[in-house]
Amino acid sequence: MKIYFTFTAAFSFLMSFLLSAWVTYVNLGLSDTFFLSWMKAFANAWPAAFVVAFTVAPPIRALVLKLFSKESV
């Protein structure tokens with residue numbers, strides 16, 4: 001469980017960090033308020049991304065394993 005928790009934290013951190021930068025850039029461009037707006041978006045996104053990744057990853061993993069196990073038969 002410790003490995004899963006750590007992986008989820010790292011994965012959700014990186015995804016939130018990069019995607020919040022991208023969406024902030026698309027919406028505002030490189031304005032004077034870009035960095036502050038990006039950090040606000042990231043601070044809001046990371047907790048949500050962590051919860052979603054932590055709860056949704058196991059059933060999605062099971063589904064993918066099921067799909068690929070049928071394919072190899």
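A short reminder: the numbers here are calculations on the coordinates, not readings from a lab. Note that the structure is predicted; figures quoted are calculated from it, not measured. Cβ sites come from the backbone with ideal geometry, for glycine too, and all protein chains shown count toward neighbours.
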Item to check | Relative contact order of the chain, defined on C-alpha pairs under 8 angstrom at six or more residues apart (%) | outcome: 39 percent
Next on the checklist: Here are a few candidate values for P(r) over Cα pairs in 5 Å bins from 0, in percent: [x] 3, 16, 19, 16, 13, 12, 9, 6, 4, 2, 1, 0; [y] 3, 18, 33, 28, 13, 4, 0; [z] 3, 15, 28, 27, 13, 6, 4, 3, 1. Which one was actually calculated from the structure I just gave you?
Outcome noted: [x]
Item to check | FRET efficiency estimate (nearest 0.05) - Cβ-Cβ, PHE7 to VAL51, R0 22 angstrom | outcome: 0.90
Item to check | Rounded to 10°, Cα long-axis angle of helix 34-71 versus longest principal axis of the chain | outcome: 10 degrees
Checklist entry - Once the Cα atoms of helix 2-28 and of the chain are each reduced to a long axis, what angle between those two axes, in degrees from 0 to 90 to the nearest 10, is obtained? => result 40 degrees
